[in-house]
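**Student:** Below are the structure tokens for one structure; questions will follow.
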Amino acid sequence: MAVAALIGAGVRYVVVAPGSRSAPMAYALAEADAAGRVELLVRIDERDAGFTALGLALATGAPAAVLTTSGTAVGNLLPAVMEANHAAVPLVVLSADRPEELRGTGANQTTVQPDLFGEHVRFAADVPAGENPLRAVETALSAATGAFEDIPPGPVQLNLAFRDPLVPAAGDRLGEASGRRVHHAPRHPLALDFPAAPAALPERRTVVLAGHDAGPVAEAFARAHGLPLLAEPSSNARFGPNAVGPYRLLLEHFGPESGQPIDRVVLFGRPTLSRPVSALLARADVPSALYQPVPVAWYEPGRRTELPLQTLADLADFAGRGTAAWLDAWLLAGAAAQHAVDSVLSDGSQTADPGPAVPGPAVSGPAVGASVWAHTRGQLVLGSSNGIRDVDLAGAPPQEPQATVFANRGLAGIDGTLATATGIAVGGRQETTVLLGDVTFLHDAGGLLLGAGEAVPALRIVVLNDAGGAIFGLLEHGAVERSGRYGTAVERLFGTPHTVDLSALAAAYGVAHRAVSTTAELAAALAGPVEGRSIIEVRADRHGLRELHGRIRAAVTAAVTGVAGG
């Protein structure tokens with residue numbers, strides 16, 4: 001009954017982790033899989049199972065479920081549930097449990113599972129053994145998909161108790177495979193078109209910020225109103241004639257002391273990547289508004305300073321329209337800054353002479369980010385930490401969207417990135433590229449494990465391997481390390497150096513591997529089709545990264561001085 005109710009409520013993918021107590025559900029799902037009513041994926045690691053289901057829900061836009069046995073198996077789902085909570089993803093947790101008479105008795109693998117996820121789920125139900133689960137399943141799926149007023153979509157938990165016997169009756173058997181599969185159509189990059197803003201709107205020096213999951217509506221709004229578009233990579237709005245690439249390095253050139261300071265900000269989606277953007281939104285002298293047509297999960301009402309607006313008409317009244325001079329100033333500065341960034345990355349020198357030149361590494365994070373951004377089609381998954389920030393810094397906005405971009409920005413953790421990307425590739429049914437650092441890769445190396453007979457997605461894994469965590473060197477910790485006051489503590493505690501052989505690891509999991517060390521080699525590797533799973537390992541040196549970013553900032557400042565009125 002539970003399986004029929006899940007399928008009837010729109011679940012088309014279920015990720016199953018093996019276990020005995022969950023066996024009744026697993027057998028029922030196998031029957032539905034054979035009949036073509038649902039698609040099963042099997043993962044031995046519950047954490048990866050949860051993130052695989054998360055990726056399936058992201059790619060399809062429909063609820064996806066994960067089934068586990070009882071005990072610690074359920075607790076391993078917490079990271080995926082937390083991400084789904086803050087990212088408003090319809091993840092359905094099916095946790096098997098002991099019946100009531102065995103709880104609290106010390107029975108094997110028995111703990112307190114009802115409400116285990118607390119406020120991280122939209123709904124939780126404890127379904128006693130033998131009870132009809134239909135009502136609980138229907139309520140859970142309504143909550144997961146945002147059917148309740150003022151509650152955003154998000155994860156739910158159905159804790160299902162089972163008594164023995166846990167195996168099918170003697171006369172039951174698996175039906176013949178139908179060969180039919182029901183799944184949602186893959187997403188494709190989208191662009192929208194709005195009519196030009198009315199001339200009656202006041203002229204204002206407004207900028208459009210597109211944060212994570214903003215969508216193409218942000219690009220269309222900026223274009224219709226003649227406003228510069230400052231879009232993060234996972235906004236799916238980083239394209240079009242108004243998009244400015246290295247925007248975070250330009251905000252100071254349009255500050256209060258410049259000839260053309262920013263008057264207002266309109267925000268789409270959730271900004272997560274840069275401190276200059278956070279500083280702009282925190283300025284009391286710059287009014288800001290947030291486009292919020294539906295409830296969101298990433299902040300609590302009243303806890304942000306932006307004015308929430310539900311309609312585009314209200315947002316238009318707030319934003320006004322930009323003058324040609326205002327938009328041109330941003331586009332000219334953006335073009336100069338993009339050229340400066342490209343020049344530094346291509347030859348290790350600078351476009352001007354703000355200081356002594358320091359030789360750069362053969363390949364760097366920003367260069368890798370720019371190349372992956374330029375070459376990827378289909379679906380692109382960006383890992384947290386430096387990878388997505390490298391694309392944000394160096395990825396040139398195209399005129400039309402080239403790929404649908406995904407990222408776990410709910411909590412911006414590195415948990416389960418490979419598993420999430422696998423789910424996205426399977427659910428989207430198109431070639432997928434994931435860019436991540438070596439620490440993120442190693443953190444989820446188990447995500448490479450696919451059991452015999454499991455579907456192998458078209459997934460290209462680009463790993464920037466600089467033998468540790470580079471992002472901390474770009475933060476305050478980098479200055480602490482350079483001071484020498486803490487010896488090697490910063491490198492050990494934050495850099496986390498390692499000597500893992502990624503090629504051997506890939507071979508152990510049966511995944512093709514290719515190592516590159518230059519941007520030209522990377523471009524050649526990215527030019528080919530995505531067939532099956534493969535790893536492109538880009539070997540780099542992170543110890544000059546702080547200096548490289550300093551050279552980029554200096555080159556951009558020199559290039560745009562005077563262009564932006566700064």
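The values are calculated or read from the model by the stated rules, or taken from the named source; none is laboratory data. Quick caveat: nothing in here was measured; it's all calculated off a predicted structure. So basically every Cβ, Gly included, is an ideal-geometry build from the backbone, and we count neighbours across all protein chains shown.
**Student:** Checking the structure you have, find out if any residue of segment 100-114 is in contact (Cβ under 8 Å) with a residue 40 or more places away in the chain, within 28 Å of the chain's Cα centre (by Cα) and under 30 Å from Ala407 (Cα atoms).
**Tutor:** For segment 100-114, residues in contact (Cβ under 8 Å) with a residue 40 or more places away in the chain, within 28 Å of the chain's Cα centre (by Cα) and under 30 Å from Ala407 (Cα atoms): absent.
**Student:** What single numbered condition from (1) surrounded by fewer than 24 Cβ atoms within 10 Å (Cβ to Cβ); (2) charged (D, E, K, R); (3) touching a residue at least 24 places away in the same chain (Cβ under 8 Å) fails to hold for Asp97?
**Tutor:** Every listed condition holds for Asp97 apart from (1).
**Student:** If you scan segment 146-179, which residues turn out to be hydrophobic (A, V, I, L, M, F, W, C) and surrounded by 11 or more Cβ atoms within 10 Å (Cβ to Cβ)?
**Tutor:** Of everything in segment 146-179, those that are hydrophobic (A, V, I, L, M, F, W, C) and surrounded by 11 or more Cβ atoms within 10 Å (Cβ to Cβ) turn out to be Ala147, Phe148, Ile151, Val156, Leu158, Leu160, Ala161, Phe162, Leu166, Val167, Leu174.
**Student:** Got at least one residue in segment 241-260 being surrounded by fewer than 16 Cβ atoms within 10 Å (Cβ to Cβ), of a type in the set (Gly, Ala, Ser) and over 20 Å from Ala337 (Cα atoms)?
**Tutor:** No, because not a single residue in segment 241-260 is surrounded by fewer than 16 Cβ atoms within 10 Å (Cβ to Cβ), of a type in the set (Gly, Ala, Ser) and over 20 Å from Ala337 (Cα atoms).
**Student:** Which residue pairs have Cβ atoms closer than 8 Å, lie 6 or more positions apart in sequence or on different chains, and pair a first residue in segment 493-504 that is over 21 Å from Glu481 (Cα atoms) with a second residue that is assigned to a helix (DSSP H, G or I)?
**Tutor:** Val500/Asp438; Val500/Leu442; Leu502/Asp438; Leu502/Phe441
The rows are residues; the columns are (1) small (Gly, Ala, Ser); (2) more than 23 Å from Arg460 (Cβ to Cβ); (3) modelled with pLDDT of 95 or more; (4) outside the structural domain of Ile461 (by TED's automatic domain parsing).
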position: Val480; (1), (2), (3), (4): no, yes, no, no
position: Thr488; (1), (2), (3), (4): no, yes, no, no
position: Arg492; (1), (2), (3), (4): no, yes, no, no
position: Thr496; (1), (2), (3), (4): no, yes, no, no
position: Asp501; (1), (2), (3), (4): no, no, yes, no
position: Leu505; (1), (2), (3), (4): no, no, yes, no
position: Ala508; (1), (2), (3), (4): yes, no, yes, no
position: Ala520; (1), (2), (3), (4): yes, no, no, no
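**Student:** Out of segment 368-379, which residues are among the hydrophobic types (A, V, I, L, M, F, W, C) and in contact with a strand residue (DSSP E or B) (Cβ under 9 Å, 6 or more places away or on another chain)?
**Tutor:** Correct list: Val368, Val372, Trp373.
**Student:** On the basis of being surrounded by fewer than 24 Cβ atoms within 10 Å (Cβ to Cβ) and not basic (Lys, Arg), does Val207 make the cut?
**Tutor:** Criteria not met by Val207.
**Student:** Output the number of residues of segment 293-311 satisfying the condition of being surrounded by 16 or more Cβ atoms within 10 Å (Cβ to Cβ) and either touching a Phe, Trp or Tyr at 6+ places or on another chain (Cβ under 7 Å) or within 22 Å of Val121 (Cβ to Cβ) (or both).
**Tutor:** 4
**Student:** What do you reckon, is Ala224 in contact with a Phe, Trp or Tyr (Cβ under 7 Å, 6 or more places away or on another chain) and either in the same structural domain as Tyr291 (by TED's automatic domain parsing) or free of Cβ contacts under 8 Å to residues at least 40 places away in the same chain (or both)?
**Tutor:** yes
**Student:** With respect to the numbered conditions (1) surrounded by fewer than 17 Cβ atoms within 10 Å (Cβ to Cβ); (2) not in a helix (DSSP H, G or I), which one is the sole condition not fulfilled by Glu138?
**Tutor:** Glu138 satisfies all of (1) surrounded by fewer than 17 Cβ atoms within 10 Å (Cβ to Cβ); (2) not in a helix (DSSP H, G or I) except (2).
**Student:** Hey, among Ala452, Ala479, Ala508, which residue is surrounded by fewer than 22 Cβ atoms within 10 Å (Cβ to Cβ), of a type in the set (A, V, I, L, M) and under 27 Å from Arg551 (Cβ atoms)?
**Tutor:** From the options Ala452, Ala479, Ala508, the qualifying one is Ala479.
**Student:** Hey, can you tell me all the residues within segment 483-504 that are surrounded by 17 or more Cβ atoms within 10 Å (Cβ to Cβ) and either among the aliphatic types (A, V, I, L, M) or farther than 28 Å from Phe472 by Cβ (or both)?
**Tutor:** Once the filter is applied, which keeps residues that are surrounded by 17 or more Cβ atoms within 10 Å (Cβ to Cβ) and either among the aliphatic types (A, V, I, L, M) or farther than 28 Å from Phe472 by Cβ (or both), segment 483-504 yields Val490, Leu502.
**Student:** Follow-up. Residues of segment 519-535 being surrounded by 14 or more Cβ atoms within 10 Å (Cβ to Cβ) and not aliphatic (A, V, I, L, M), which ones?
**Tutor:** Of everything in segment 519-535, those that are surrounded by 14 or more Cβ atoms within 10 Å (Cβ to Cβ) and not aliphatic (A, V, I, L, M) turn out to be Thr519, Glu521, Arg533, Ser534.
**Student:** Cβ-Cβ below 9 Å, separation at least six or inter-chain, first residue in segment 513-534 and more than 25 Å from Gln430 (Cβ to Cβ), second acidic (Asp, Glu) and surrounded by 15 or more Cβ atoms within 10 Å (Cβ to Cβ): which pairs?
**Tutor:** Pairs that qualify, where the first residue is more than 25 Å from Gln430 (Cβ to Cβ) and the partner is acidic (Asp, Glu) and surrounded by 15 or more Cβ atoms within 10 Å (Cβ to Cβ), are Ala515/Glu521; Ala515/Glu537.
**Student:** Which of the residues that make up segment 536-557 are of a type in the set (Val, Ile, Thr) and buried (at least 21 other Cβ atoms within 10 Å of the Cβ)?
**Tutor:** Ile536, Val538, Ile552, Val556 - these are the residues of segment 536-557 that are of a type in the set (Val, Ile, Thr) and buried (at least 21 other Cβ atoms within 10 Å of the Cβ).
**Student:** Being in contact with a Gly (Cβ under 8 Å, 6 or more places away or on another chain) and more than 18 Å from Leu6 (Cβ to Cβ) is the filter here; which residues of segment 48-77 pass it?
**Tutor:** Listed by number, the residues that qualify are Asp48, Phe51, Gly55, Leu58, Ala59, Ser70, Ala73, Asn76.
**Student:** Now a separate question. Within segment 447-471, which residues are under 18 Å from the mean Cα position of the chain (by Cα) and either assigned to a loop (DSSP other than H, G, I, E, B) or at pLDDT below 95 (or both)?
**Tutor:** Selection gives Ile471 alone.
**Student:** Now for a different question. Would you confirm whether any residue within segment 329-347 is closer than 30 Å to Gly544 by Cβ, surrounded by fewer than 16 Cβ atoms within 10 Å (Cβ to Cβ) and either at pLDDT below 95 or under 26 Å from the mean Cα position of the chain (by Cα) (or both)?
**Tutor:** Yes - at least one qualifying residue is present in segment 329-347.
**Student:** Quick one: which of Val127, Val207, Val121, Val93 is closer than 30 Å to Arg283 by Cα and touching a strand residue (DSSP E or B) at 6+ places or on another chain (Cβ under 6 Å)?
**Tutor:** Val207
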